[in-house]
Amino acid sequence: MAEVTADHLEVLHKQHRARFSGNVEVVWNEFEMKCDLMDVTYGDEGDIVALAASGNIIVRWQGARAQAEHAQLDTRRDLL
């Protein structure tokens, strides 16, 4: 299960979406990310299906580190 912290959270439960904003930090297995804004799509069990991040992104994943202004993660295809 992913652990997410942020200054603000908006949940659209019927759409299975959540928006985290302000000092967003995500820890999920080997995946770590910091960013300004993150939109998450989650499944019926609360599992993350996809996420889109923007603003000052720093990602650490499987020993690699990357920086970007925009990033997308598709968990079904293991694609970042």
### Task
Grab the strands (runs of 3 or more DSSP E) fully contained in segment 1-48, keeping just those with 3 or more residues being surrounded by 14 or more Cβ atoms within 10 Å (Cβ to Cβ).
17-28, 31-42
### Message
Against the conditions (1) under 11 Å from the mean Cα position of the chain (by Cα); (2) surrounded by fewer than 17 Cβ atoms within 10 Å (Cβ to Cβ); (3) among the small types (Gly, Ala, Ser), where does ALA53 fall short? Just the number, please.
### Response
(2)
### Query
Take the residues of segment 64-80 that are without any contact (Cβ under 8 Å) to a residue 12 or more places away in the chain and not in a strand (DSSP E or B): which is least open to solvent (accessible area, probe 1.4 Å)?
ASP78
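The values are calculated or read from the model by the stated rules, or taken from the named source; none is laboratory data. All of these numbers come straight from a predicted model, not from anything done at the bench. Note that we place each Cβ from the backbone using ideal geometry, even for glycine, and neighbour counts take in every protein chain shown. When the accessible area is computed, the model is the full protein with side chains, heavy atoms only, and any ligands, DNA or RNA have been set aside. Shrake-Rupley method; radii C 1.70, N 1.55, O 1.52, S 1.80 Å.
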